[in-house]
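Structure, as structure tokens:
Please treat every number below as a calculation from the coordinates, not as lab data. Predicted, not measured: the structure shown is a model, and the values here were computed from it. Cβ: placed from backbone, ideal geometry, glycine included. Neighbour counts: every protein chain shown.
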Amino acid sequence: MELQQFKYDNKIVKYFAIATVVFGVVGMLVGLIIATQLFLPQLNFGIQYTTFGRLRPLHTNAVIFAFVGNAMFAGVYYSMQRLLKARMFSDMLSWIHFWGWQLIIVAAAITLPLGMTTSKEYAELEWPIDIAITLIWVVFGINMIGTILKRRERHMYVAIWFYIATFVTVAVLHVVNSFEIPVTLFKSYSWYAGVQDALVQWWYGHNAVAFFLTTPFLGLMYYYLPKAANRPVYSYKLSIIHFWSLIFIYIWAGPHHLLYTSLPDWAQSLGTVFSIMLIAPSWGGMLNGLLTLRGAWDRVREDPVLKFMVVAVTAYGMSTLEGPLLSIKSVNAIAHFTDWIIAHVHVGGLGWNGFLTFGMLYWLIPKMWGTKLFSTKMANTHFWLGTLGIIVYALPMYTAGVVQSLMWKNFNAEGFLEYPNFLETVTQIIPMYMMRAIGGLLYFSGVIIMVVNLMKTAKQGKFMAEEAAEAPALEKKKVVGGHWHSALERKPVIFTVLTLVAILIGGVIEMVPTFLIKSNIPTIASVQPYTPLELHGRDIYIREGCNNCHSQMVRPFRSETVRYKGEYSKAGEFVYDHPFLWGSKRTGPDLHRVGGLYNNVWHFNHMLDPTSTSPGSIMPPYPWLYRQQIDPGLTAGKIKALRTVGVPYEEGYEEVANNDLKEQAMAIKNDLKENNIDIPETAEIVALIAYLQRLGTDIKAEPTANK
């Protein structure tokens, strides 16, 4: 049989690997800064672009899409060519993909600190960047599918299955969650509102973790772990079960992020059931990875690449057991909104994604530069610093989470809240925040050692941009016999379509009833759209990232209705919230019932100097809100956009909306003036006060006594 000569493209892999390392350092450094700000809020130096609220989404986007994303692409471009025995479909598409993705990352790094954000977790980027992501993702998909179609290897290896699932599902998730109505070039409102927006967002948010942070890395595990161990994958049949059950079940699990919220109970229950079912395929994949090392455990003690990979797969197993356990309502009641979730996320992020990336880079760079790793000792030092860093990071956060929950819920013998002041529950865990920062510093130090090691490795070798290879052409002939799944592997288009069907079923069944059956979101007659001034204030709240620290969801627990002095949150209260702002973490108290609890002067002073109203607060001051003015010229555009997505502002209201804005602003200005505070009615703080005073006041209920 005649062999065809061709060359693998290592240059694109090199560039994605360099971007991985660069953005890994940047993303982790930002994470270290915001971790430190939680016990040293002065670290933002009074600059509005470096507050926790603005840097936190920068950190998550940098780590997920810049560090992990570039690592995924480096690993995919290297492994796919070799598994399919073909150069990538198009060098031009490879480079459009690379430079397009880096420009998106730079756009995120500029816009997020500027406060240009949708506020939707892991999907904060505004609409022009969302469009760019879609286009570049399609470029990646065409290049990948094109390579599969021109392959010289008849069967698609298991890693390719996971790459296909990643492309298909992320495309669906991103497009559906990113429906938004533009107001200006960098401001939009979510097409969905309230409960529906929350369901779509956490269908996206959970499955972004599933199909951006998990499935592609499982593909990388199935390629790089056997390569590093020089062993075949433990079980082909287990790989099949792992793949199909994982992608089918995962897509249903998003509602477990919304337990005890205003989401319909049936949707919450679906999320819980499928989350618990996820244990089986997840652990099947973990065991398939670890058992691949059978007979190679002696090498694990000596080879840092295998060390990183073993801990990575173990961290994957731990995270995918803990996630379903956190989906059990009784456990979720304790853990949700606390630092327990932060620990859970970082065991997965630092352990699974981080360590697998490090192991892959330590294996890949010497291969492409035709040399040995510069220093095994440095790599081992990195491993132990990283492992210790994860432990020192996670254990204090688990402890902090339990402490927070117990303090939030504890009643004394007389029936009163033991800790009615939320701030008591914050100051109690500050030492744990300090420990978390130390753990992050250890992990980051290991990464810096890796950077030096990889640079020296590259320096001592010679990079092979074009790697010669040969393989026989793929013959189109009917193959008789073999496993039933191998027949499917020979038909990549059908395989891709079946993957799409598998991931669509769960999303459709969860979302369609929530959107079409009105009884899922009962309306409340007293709930009215936001006034123009409140709308401006809400947009300032979003810009400053307040929902990164404050929830707006009083759950149906006695401890919460007592603490937050009002009824638990109802689905009908959020019908005009574009986007929803329920939050996922309480570093500060819930704000859904804050309207009317404090006077305007309190809010004014609290935002100017939080410690003046709340001694010991770790919230930074916001002096720019007193200097900067809202732009009434934007009011009409905001009203029109929200009317388009269903908010019942009267036709033509945008023409007179600023009259109402000025009237409400003057009332707040005059109230402040009576207390010797003189500030323009167009100051941003006035709009923010208007919004905060509105929260939770649409339904009239007697405040619950503290007993």
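Before moving on, here are some points about what is shown:
- Sorting 321-331, 40-50 by their mean Cβ neighbour count within 10 Å, with the most densely packed peptide first, gives 321-331, 40-50.
- Nearest-20 debye value, the chain charge dipole, Cβ charges on Lys, Arg, Asp, Glu: 3100
- Helix 376-409 axis, angle to the chain major axis (alpha carbon atoms, nearest 10°): 30
- Packing around the peptides 2-8, 134-140, taken as the average count of other Cβ atoms within 10 Å per residue, puts them in this order, highest first: 134-140, 2-8.
- Phi angles across the stretch 428-441 convert, under the Karplus curve 6.51 cos²θ - 1.76 cosθ + 1.60 with θ = phi - 60°, into 3J(HN,Hα) values of 5, 9, 4, x, 6, 5, 5, 5, 4, 5, 5, x, x, 5 Hz, Gly and Pro given as x.
- Förster-model FRET efficiency, 35 Å R0, Ser519 and Tyr234, C-beta, rounded to 0.05: 0.10
- Between the stretch 61-125 and the stretch 536-564, the alpha-carbon center distance in angstrom: 32
- Cα centroid of the stretch 213-291 to Cα centroid of the stretch 1-44, whole Å: 25
- Three-way shape label, the stretch 532-694, alpha-carbon gyration tensor, a/c 1.5: oblate
- Dipole check for the stretch 205-316: with +1 at the C-beta of Lys and Arg, -1 at the C-beta of Asp and Glu, and the Cα centre as origin, the magnitude is about 380 Debye.
- Inter-part distance where the stretch 354-412 and the stretch 303-352 are each reduced to a Cα centre, Å: 12
- Per-residue Karplus couplings for the stretch 628-645, computed as 6.51 cos²θ - 1.76 cosθ + 1.60 with θ equal to phi - 60°, are listed in order as 7, 10, 6, 10, x, x, 8, 4, 4, x, 5, 4, 4, 4, 5, 4, 4, 9 Hz, Gly and Pro entered as x.
- Taking amide H as placed 1.01 Å from N in the peptide plane, Phe411 has its amide H under 5 Å from the amide H of Glu418, each at least 5 places away in sequence or on another chain.
- For the stretch 321-331, the Karplus equation 6.51 cos²θ - 1.76 cosθ + 1.60, evaluated at θ = phi - 60°, returns couplings of 8, 5, x, x, 5, 5, 7, 6, 4, 5, 6 Hz by residue, with Gly and Pro reported as x.
- Annotation: peptides 448-454, 17-23, ranked by per-residue average of other Cβ atoms within 10 Å with the highest first, follow the order 17-23, 448-454.
- The H on the amide N of Gln628, modeled in the peptide plane, is under 5 Å from the matching H of Glu684, each at least 5 residues off or on a different chain.
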